[in-house]
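A.B. asks: Below are the structure tokens for one structure; questions will follow.
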Amino acid sequence: MVLKYLIQKEFLQIRRNAFLPRLIVMFPIIIMCVMPWVMSMEVKNIVAIVVDNDHSTLSRQLTGAIESSNYFVFGGQKGSYKEALANVETGKADLVLVIPAHYGRDVALHRPTQVLVAANAVNGTKGSMGAAYMSQIVTAKTNPSLEAMQHGAETLLLYNKHQNYKLYMIPALFALVMMLMTGFLPTLNIVGEKETGTIEQINVTPVSKWTFILSKLIPYWLIALFVITACLLLAWGVYGLTPAGPVWLIYVLAMLLALFFSSFGLVVSNYSSNMQQAIFVMWFFIVCIMLLSGLFTPVRSMPDWAYLTTYVNPMHYFIDAIRTVYVRGGNFASVRSQLWPLLAIGSLMAVWAVKSYKKNG
């Protein structure tokens, strides 16, 4: 009965706050409606300049292939490599293709020929991918037999057959929204009560620590249910994307992640003396957890010492599991190895949240 009234108090505090209700509603809407369009890892709009020293039919065809490519923005032709490189150095171009003299003749006579591709590697991803795209176009024109052999090999896509990048990013955005909503809000809760002095009224009551911490956690678990429901509906309504696996399993995963982050937020709040300190500490840990989780980059690309951190990173388990369910259509057996670590880490954090709370203020 005491727990019921404490939960009512928490919801009253949230409702009377002029900012929190708007944040809870608007944050998932903005993230789901904007981020899938801008968080694409595809490299496009690469400004390419051509230096044609051959002026043959084949060199003009190669230039036309670059102009018609969806990945390149044709930056025109220059008279020399030095002039083209000056455009790269000033940021007006990203890549230079130099077609040598007698290129068309050498290709026709099956002689070895070299084409220079110079890419601006200040942005390593854009430079390497742009050079790879350009190499494919050059290979198609220079060695049609090799291109025909490559087209002879068929690729069978088992999941995400249309290579829709939004389908890959939306589960990651679920994790991002859950992390921020169920992590930061509980962090600011107890610290806020410390600063206003209302925590002292709880400290002099016979309310147990477990009851008090549960009254802080349960409202944010309910908020987590609302947030994940809103995200699923927005993914369906805006992008026409629905989970390939069971929806109830997505809710289970979301609640386990909410258990960890809400408990972790309360731990940080219990050890912090003011709101500024709590925000900085929470932001430090959240950035580390996010970047080491595989949210944006494959964890296998990390050094061995960094990869070891994924074994205690709940976000890593959630990312693996939510993509398995949402994209691949996995069932409970498919994500069992991620569910148990999530439950164990979340439970340990909940116990720590209770133990770290001191009723003496």
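The values are calculated or read from the model by the stated rules, or taken from the named source; none is laboratory data. Only a predicted model underlies this, so the values are computations on that prediction, with no experimental measurement involved. Ideal geometry is used to build each Cβ from the backbone, glycine not excepted, and the neighbour counts take in all protein chains shown.
A.B. asks: Could you grab the pairs with beta carbons closer than 8 Å, sequence gap of 6+ or different chains, first residue in the stretch 56-82 and closer than 15 Å to Y133 by Cβ, second one among the small types (G, A, S) and not in a helix (DSSP H, G or I)?
C.D. replies: Taking only residues 6 or more apart or on different chains, the pairs are I66/A48; F72/A48; V73/A48; F74/A48; G75/A48; G75/A93.
A.B. asks: Output the residue which, of all residues in the stretch 280-322 that are farther than 18 Å from I170 by Cα and in a loop (DSSP other than H, G, I, E, B), is modelled with the lowest pLDDT.
C.D. replies: So, considering only residues that are farther than 18 Å from I170 by Cα and in a loop (DSSP other than H, G, I, E, B), the one modelled with the lowest pLDDT is M302.
A.B. asks: So, one more: Being closer than 17 Å to V34 by Cβ, over 19 Å from the mean Cα position of the chain (by Cα) and surrounded by 16 or more Cβ atoms within 10 Å (Cβ to Cβ) is the filter here, so list the residues in the stretch 216-246 that pass it.
C.D. replies: The answer is none; no residue qualifies.
A.B. asks: (1) touching a residue at least 12 places away in the same chain (Cβ under 8 Å); (2) basic (K, R); (3) assigned to a helix (DSSP H, G or I): which one isn't true of R336, the others all being true?
C.D. replies: R336 satisfies every listed condition except (1).
A.B. asks: Next question. Under the condition of being of a type in the set (K, R) and in a loop (DSSP other than H, G, I, E, B), which residue from the stretch 61-107 is surrounded by the fewest Cβ atoms within 10 Å (Cβ to Cβ)?
C.D. replies: Going through the qualifying residues, I end up with K92.
A.B. asks: Among the residues of the stretch 316-328 satisfying the criterion of being of a type outside the set (F, W, Y) and in contact with a Pro (Cβ under 8 Å, 6 or more places away or on another chain), which is nearest to L292 (Cα to Cα)?
C.D. replies: Within the stretch 316-328, the first condition is being of a type outside the set (F, W, Y), and the residues that meet it are 316, 319-325, 327-328.
Among the residues that remain, those that are also in contact with a Pro (Cβ under 8 Å, 6 or more places away or on another chain) are: 319, 322-323, 325, 327.
Working: I319: 11, I322: 17, R323: 17, V325: 21, V327: 21 Å.
It comes out as I319.
A.B. asks: Within the set of pairs 6+ apart or on separate chains, which have a first residue in the stretch 299-312 that is not assigned by TED's automatic domain parsing to the domain that holds L339 and surrounded by 15 or more Cβ atoms within 10 Å (Cβ to Cβ), a second that is of a type in the set (G, A, S) and modelled with pLDDT under 90, and C-beta atoms under 9 Å apart?
C.D. replies: Filtered contacts from the stretch 299-312: no entries.
A.B. asks: Do we find a residue being under 28 Å from Q163 (Cα atoms) and surrounded by fewer than 23 Cβ atoms within 10 Å (Cβ to Cβ) anywhere in the stretch 251-263? Break it down into steps so the answer makes sense when it comes.
C.D. replies: Within the stretch 251-263, the first condition is being under 28 Å from Q163 (Cα atoms), and the residues that meet it are 251-254, 257.
Retained after the next criterion (residues that are surrounded by fewer than 23 Cβ atoms within 10 Å (Cβ to Cβ)): 251-252.
For the stretch 251-263, residues under 28 Å from Q163 (Cα atoms) and surrounded by fewer than 23 Cβ atoms within 10 Å (Cβ to Cβ): present.
A.B. asks: Suppose we filter the stretch 120-135 for residues that are at pLDDT 85 or above and touching a helix residue (DSSP H, G or I) at 6+ places or on another chain (Cβ under 9 Å); how many remain?
C.D. replies: 2
A.B. asks: I need a count of the residues in the stretch 108-138 that are assigned to a helix (DSSP H, G or I) and free of Cβ contacts under 8 Å to residues at least 24 places away in the same chain.
C.D. replies: Summing the residues that are assigned to a helix (DSSP H, G or I) and free of Cβ contacts under 8 Å to residues at least 24 places away in the same chain in the stretch 108-138 gives 5.
A.B. asks: Could you look through the stretch 272-287, keep only residues that are surrounded by 13 or more Cβ atoms within 10 Å (Cβ to Cβ) and farther than 21 Å from W221 by Cβ, and pick out the one that is farthest from the chain's Cα centre (by Cα)?
C.D. replies: Only one residue fits best here, namely S272.
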